[in-house]
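Engineer: Structure in structure tokens, see below.
Read-outs throughout are calculated quantities, based only on the coordinates presented, and are distinct from any laboratory measurement. In this text the structure is predicted, and so the values were computed from the model without any measurement. Here the Cβ positions follow ideal geometry from the backbone for every residue, glycine too, while neighbour counts run over all protein chains shown.
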Amino acid sequence: MENAKFIRSGKAKDIYLRPDGDIIFLFTDRVTAFDGIKKADYQGKGEACCKLSCFWFEKLQAEGIKTHFKDCMPPNMLVAEEVSILPVEVIARNFLYGSLWKRYKKGEIDIGSLVQEEKREGMPLTKSFLEFTTKFESVDRPITEEEIIENGWMDRSEIEYIKTETIKIGDIMASYLVQRGIILADFKLEYGRSKESGDIILADEVGTPDVCRFWDKEAHEQRGEILSLDKDVFREGKGNLSAVYLEVCKRIME
């Protein structure tokens, strides 16, 4: 961190710029929900998320995924190439749950053949449902691919590339997690343009309970229970977030 310049604070991370041009993500113990209305700090949260993000970046790179990740600096710092973050996030949903379920019930969204039986909350989809949301607006909202193109943020081929990469990342993560007793219900990714190559690459953080919805596999399959192992614990007041994040970290990394 010596001579690093503070850039900004996000919801859960502080960002610094090193003299060599790389950036440092400092994962904090901060947690927010409901667009920042609910806030708290949980000891050990930042360290757990940093370890998990470094773990997944290394695993995904080994599988051929291009990312901005460069190095891990324990206990809670990640070094990465500075990229121009795209102004949209991509969300992959594997279950009819959360905001997808709420919008479906209101008739705001058509999920078509993604559910082949009577639709109910928490049921699996036949394939991942991908959608883009805005990132830098005061409140994030779903955005169409046509609007992304009209704004000049990406062209059609870049959108298709991100969708393909997201599905690949989801497959890699889900197949690994299920062996550790975790269901990947949904996850969020961010991408950025490399200032060195101009390529779109995976950025920010990946595979943490802050940006994924993790469920306990045994509870879901044997009892039909959704036992959250993610930020829903904080959102819904289900327990001690620190204990849950440390448990997830232990399951995935050991």
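Engineer: Over its Cα atoms, what ratio of radius of gyration to 2.2 N^0.38 Å does the chain give?
Structural biologist: That works out to 0.99 for the chain.
Engineer: Give the residue list of GluC sites (Glu not before Pro) in the stretch 64-109 that are DSSP loop and have at most 16 other beta-carbon atoms within 10 angstrom. Could you put the intermediate results ahead of the total?
Structural biologist: On the way: sites: Glu81, Glu82, Glu89, Glu108; in loops: Glu81, Glu82, Glu108.
Filter output for the stretch 64-109: Glu108.
Engineer: Further question on the same structure: Return, for the Cα atoms of the stretch 63-198, the radius of gyration and Dmax in Å, separated by a comma.
Structural biologist: 16.6, 49
Engineer: Before anything else, pin down the relative contact order of the stretch 5-80: Cα pairs under 8 Å, at least 6 apart, normalised by residue count, whole percent. Mind showing how you got there, number by number?
Structural biologist: Values: 130 pairs, mean separation 19.6, N = 76.
It rounds to 26 percent for the stretch 5-80.
Engineer: Which ordering of Val88, Val79 is given by a fewest-first count of other beta-carbon atoms within 10 Å?
Structural biologist: Val79, Val88
Engineer: Separate question: Are there GluC sites (Glu not before Pro) in the stretch 152-224 that DSSP marks as loop and that have at most 15 other Cβ atoms within 10 Å, and which are they?
Structural biologist: When the GluC sites (Glu not before Pro) of the stretch 152-224 are filtered for loop state and at most 15 Cβ neighbours within 10 Å, Glu196 remain.
Engineer: Using Cβ contacts closer than 10 Å as the measure, can you line up Met1, Met77 from fewest to most?
Structural biologist: Numbers: Met1 10, Met77 21.
Ranking Met1, Met77 by Cβ neighbours within 10 Å, fewest first, gives Met1, Met77.
Engineer: Quick one: putting +1 on the C-beta of Lys and Arg, -1 on the C-beta of Asp and Glu, what dipole do you get for the stretch 62-199 around its Cα centre, in Debye to the nearest 20?
Structural biologist: Working: 19 positive and 26 negative charges, 120 e Å.
Once rounded to the nearest 20, the dipole reads 580 debye.
Engineer: Compare the Cα positions of Tyr161, Val248, Ile65 along the charge dipole of the chain (+1 at Cβ of Lys, Arg; -1 at Cβ of Asp, Glu; about the Cα centre) and return the one farthest towards the positive end.
Structural biologist: Going by the Cα projections, it comes out as Val248.
Engineer: OK, next. Run the lone-cysteine check on the chain: no other Cys C-beta under 4.7 Å from the residue's C-beta.
Structural biologist: Cys49, Cys50, Cys212, Cys249
Engineer: Give the Debye-formula value of log10 I(q)/I(0) at each listed q (0.15, 0.16, 0.19 Å⁻¹), with one equal scatterer per alpha carbon of the stretch 171-239, two decimals each.
Structural biologist: -0.57, -0.62, -0.78
Engineer: Which of the listed residues, Gly192, Ala80, Val139, is farthest toward the dipole's positive end in the chain, when Lys, Arg count +1 and Asp, Glu count -1 at the beta-carbon?
Structural biologist: Going by the Cα projections, it comes out as Val139.
Engineer: For the stretch 42-74, which GluC sites (Glu not before Pro) are in a loop by DSSP, counting at most 13 other Cβ atoms within 10 Å?
Structural biologist: For GluC sites (Glu not before Pro) across the stretch 42-74 that sit outside H, G, I, E and B with at most 13 neighbouring Cβ atoms in 10 Å, the list reads Glu63.
Engineer: Average the reciprocal distances over every distinct pair of alpha-carbons in the stretch 1-61, invert the result, and give the Kirkwood radius in Å. Could the numbers behind the result be given before it?
Structural biologist: Values: mean 1/r = 0.0778 Å⁻¹.
One decimal place: 12.8 Å for the Kirkwood radius.
Engineer: So which lysines can Lys195 reach, going by Cα to Cα under 21 Å and dropping same-chain residues fewer than 8 places off?
Structural biologist: Straight-distance partners of Lys195: Lys5, Lys66, Lys70, Lys135.
Engineer: Two decimals, Cα atoms only, Kirkwood Rh: what is Rg/Rh over the stretch 120-176? Numbers along the way, then the final one.
Structural biologist: On the way: Rg = 13.7 Å, Rh = 13.3 Å.
Rg/Rh: 1.03.
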